[in-house]
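Heads up, the thing below is written out as structure tokens.
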Amino acid sequence: MPDRLVLLGSKGGPALRPGGPWPSSSLLEIGGRSIVVDCGLGVTRGLVDAGVSLKALDLIFITHLHSDHVLELGPLIHTAWTAGLARPVTVFGPPGVGHHWRRFCQSMEFDIEIRIVDEGRPDIRELVSVDEFGEGPVVEQRGLKVTALRVDHPPVTDCFALRFEHGAKSVVFSADTAFFPPLADFAEGADILVHEAMLEEGIERLVARTGNGARLREHLLASHSFAEEAGRIAGDAGVKRLVLNHLIPADDAEIREADWIDAVRKTWIGDLTIARDGLVVELA
Ligand SMILES: [Zn+2]
Ligand SMILES: [Zn+2]
């Protein structure tokens, strides 16, 4: 199985619009491991469309507890369980992810209890272990090494960029963050940097369309990065490829891939991918 990154959901923010892309989730297949990074709405559908057997669910990482990154965590695991998942799954996430998972199981108690008795399934609550992490080393297991860096995503304080390494290969996810220079050191020399991005000219139209204008604009500017800034991080880090992801806006018909490319080319001349749902990036 060749190593690959699949961008399952590529938009920033939880809202859905007809014909538009879906919230944040990615699949990283590296060193024989299947790693899901973030579980925005649509992650289960995205995995199945990418040809992944849900029974093979293995490691799940959540960067932070905003709904566009965690809303489908429980439903993904539950659906994998009904698809025959019989091996342990580990969920790594910020403080609070255990609470989130336990409350999900509580909300599904009727269904879970009945399937254990009626269908002889293992107890889903015992199949899943939750590991809450902070900044620093997260896990080292069978050649896979994962490290976290706290990034700048106010008002959320527990939001973490993640670096995955296996052998000589490395992939870094920025998570949601304003321009954050320490990310360049953290991503140094990575094969792929998946960085969130906003497009300046699209923000005003997005704000006008959504209502609640001033507050939304304020949040976006304080907590997210422009495409040009993602390019600067990639350049300073000397990564091999930059993938722009968590795109804001992601479903504005007047904004095309070429606009994203123009913006990021002001600061980044290396290999570039603009994410869209289902896009596969091979890890050479
Ligand atoms: Zn987000
Ligand atoms: Zn967020």
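The values are calculated or read from the model by the stated rules, or taken from the named source; none is laboratory data. Predicted model only: the values in this text are computed from it and were never measured. Every residue, glycine as well, gets a Cβ built from its backbone with ideal geometry; the counts of neighbours run over all protein chains shown. To get the accessible areas, we keep the full protein, side chains included, count just its heavy atoms, and leave off ligands, DNA and RNA. Shrake-Rupley method; radii C 1.70, N 1.55, O 1.52, S 1.80 Å.
Quick look at the values:
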| read-out | value |
| --- | --- |
| Qualifying GluC sites (Glu not before Pro) in the range 210-284, DSSP loop, other Cβ atoms within 10 Å at most 11 | GLU254 |
| For SER170, distant residues with modelled amide H under 5 Å away | ASP191, ILE192 |
| Surface share of carbon and sulfur [accessible, 1.4 angstrom probe, percent] for the chain | 52 percent |
| Extension gain from LEU272 to ALA86, taking 0.36 nm per residue of separation minus the Cα-Cα distance | 63.1 nm |
| Within-13-Å neighbourhood charge of PRO95 [Cβ basis; K, R +1; D, E -1] | -3 |
| Reach of LYS169 by Cα under 20 Å, taken over lysines that are not fewer than 8 positions away in the same chain | LYS145, LYS240 |
| Nitroxide proxy distance, nm - points 7 Å out along Cα→Cβ at PHE110 and LYS145 | 4.9 nm |
| Approximate spin-label separation ASP131-ARG217, in nm, with each point projected 7 Å along Cα-to-Cβ | 4.4 nm |
| Gain upon complete extension [LYS55, ASP236; 0.36 nm per residue less C-alpha separation] | 61.2 nm |
| Solvent exposure of the chain as accessible area per residue, Å², 1.4 Å probe | 43 Å² |
| Loop-exposed trypsin sites (Lys or Arg not before Pro) per DSSP, neighbour cap 12 Cβ within 10 angstrom, longest uninterrupted part of the chain | 1-141 |
| 0 to 90° range, to nearest 10: angle between helix 97-107 axis and the chain longest Cα axis | 50 degrees |
| Theoretical ellipticity at 222 nm over the chain - DSSP helices of four or more residues, -39500 (n - 2.57) apiece, nearest 500 | -9000 deg cm²/dmol |
| Nitroxide proxy distance, nm - points 7 Å out along Cα→Cβ at ARG4 and ALA208 | 4.0 nm |
| Principal axis dimensions, the range 36-181 - Cα atoms, whole angstrom, descending | 54, 35, 26 |
| Efficiency of FRET from Cβ geometry, VAL117 and ALA258, R₀ 45 Å, rounded to 0.05 | 0.20 |
| Cα centre as origin, Lys/Arg/Asp/Glu Cβ charges: the range 172-284 dipole, Debye | 120 debye |
| Dipole magnitude (debye, nearest 20) for the chain, charges at Cβ of Lys, Arg, Asp, Glu | 300 debye |
